[in-house]
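The values are calculated or read from the model by the stated rules, or taken from the named source; none is laboratory data. Just so we're clear, the structure is a prediction, and the values are computed from it rather than from any experiment. Backbone-built Cβ (ideal geometry, glycine too); neighbour counts: all protein chains shown.
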């Protein structure tokens, strides 16, 4: 039976700057800075251990168009390890590392094929004669908004057909809308597997054929939560099997703690410690957001120690020198203040006007305008989903009501 085994990865974003995280302890920040390189090395080791035939990389190998020399050197070294094992690599460039960038580039070993700025077909042939056609293109410039899917051919004569595409799945993703496509357009090509890239979350769009976003192999901020890794694909004449392999060195995570039954600071502290231990992963680091909800508003001594950062410092202290650390990155809380909107409106017309304003509010641009004027901050704000924007408004309402009712 004809068969091939390969790894599918995308969005490595090698040498990501980890903006806004320099406040972390030096050792943890360094670990995070190195995490994209560690994930790449884990990908290489996984490919070798599984004895795959080849690896496909579906865009954004590098974080920026300048493609730092160090990032290129590390990638080249890993590709040479694969070359020593006879493993081929097929890669496309995405919007972050497009071909139009003016940067110094290093040569890669002959086992690596980078697709050009036009859709092309390349062949992979096993020793037993099994032939695979791989199709793809690299972004010629950063902003590719045309429907490049229309340029993908289907050429007969191969045992398997694999498409590589770094692009936006229309109607679902909030990510940048580059090289858009509809699922029906992919299925119509009659390929055996679509290796997608661009969004940083795992997503299985179809089983027949498999259409897969593997997500990025290393989370880089609190939006990129949970396990990160690569897809291991086993293509046979009888069908396709896809499984997940973890590659991240540092994991972003979050928990919600119910504070309704916590009656003292010590009880809250012990609860947090238990939750932290439950998130610990051997050999990995975890950056954890904790949200404590429903705290009794009468526990002013407890809320004060949360608000002034004492609890956060206490939780962080023991993690600074841990290899398998769980570093509390953010600690938020809300008090259990019962809000009867109807009763408040009866008390004052002010509340009627306040609630109406909140319900009709739909533009975050004005209050966030200073951030939109900052190039780095604007890049992240524009990626907010509608649900995230709504959560911002809801959080603001809770804080405002807590302050009003306290006073």
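Within the stretch 30-42, residues that are assigned by TED's automatic domain parsing to the domain that holds residue 229 reach partners that are buried (at least 17 other Cβ atoms within 10 Å of the Cβ) and in a helix (DSSP H, G or I) with beta carbons closer than 6 Å, at six or more positions or on different chains, in the pairs 37/74; 40/78. Applying a threshold of 7 Å to beta carbon distances and a minimum spacing of six or more residues, or different chains, the list of pairs starting in the stretch 212-228 at a residue that is not assigned by TED's automatic domain parsing to the domain that holds residue 192 and at pLDDT below 95 and ending at one that is in a loop (DSSP other than H, G, I, E, B) and buried (at least 24 other Cβ atoms within 10 Å of the Cβ) is empty.
Figure legend. Inter-residue proximity from the stretch 101-123: first residues touching a residue at least 12 places away in the same chain (Cβ under 8 Å), second residues part of a loop (DSSP other than H, G, I, E, B) and loosely packed, with under 11 Cβ neighbours inside 10 Å, beta-carbon distance below 8 Å, spacing 6+ or different chains. Indicated pairs: 121/155. Here the strands (runs of 3 or more DSSP E) wholly within the stretch 237-297 that include at least 3 residues being more than 21 Å from residue 215 (Cβ to Cβ) are 250-258, 285-296.
The set of residues in the stretch 287-330 being surrounded by fewer than 19 Cβ atoms within 10 Å (Cβ to Cβ) and within 24 Å of the chain's Cα centre (by Cα) consists of 289, 291, 323, 324, 330. Where helices (runs of 4 or more DSSP H) sit wholly within the stretch 328-407, those with at least 2 residues that are within 28 Å of residue 285 (Cα to Cα) and at pLDDT below 65 occupy 375-381.
Residues that are assigned to a helix (DSSP H, G or I) and closer than 23 Å to residue 135 by Cα were ranked within the stretch 62-79; the one that is nearest to the chain's Cα centre (by Cα) is 75. Return a yes/no flag: does the stretch 35-42 have any residue that is in a loop (DSSP other than H, G, I, E, B) and farther than 13 Å from residue 138 by Cα. No, the conditions are met nowhere in the stretch 35-42. Select from the stretch 255-286 the residues that are under 30 Å from residue 195 (Cβ atoms) and crowded, with 16+ Cβ neighbours inside 10 Å and list them in ascending order. Correct list: 281, 284, 285, 286. Residues in the stretch 83-91: is at least one outside any helix (DSSP H, G or I), under 20 Å from the mean Cα position of the chain (by Cα) and either in the same structural domain as residue 118 (by TED's automatic domain parsing) or at pLDDT 95 or above (or both)? Scanning the stretch 83-91, I find at least one residue that is outside any helix (DSSP H, G or I), under 20 Å from the mean Cα position of the chain (by Cα) and either in the same structural domain as residue 118 (by TED's automatic domain parsing) or at pLDDT 95 or above (or both), so the answer is yes. When residue 20 is tested against (1) at pLDDT below 95; (2) at negative phi, only condition (2) is not met.
Scanning the stretch 1-58 for residues that are out of contact with any helix residue (DSSP H, G or I) (no Cβ under 9 Å at 6 or more places or on another chain) and farther than 30 Å from residue 210 by Cα, we see that the one that is surrounded by the most Cβ atoms within 10 Å (Cβ to Cβ) is 32. Only strands (runs of 3 or more DSSP E) whose full extent lies in the stretch 141-223 are considered here, and the ones with at least 1 residues that are farther than 29 Å from residue 65 by Cβ are 160-166, 202-207, 210-214.
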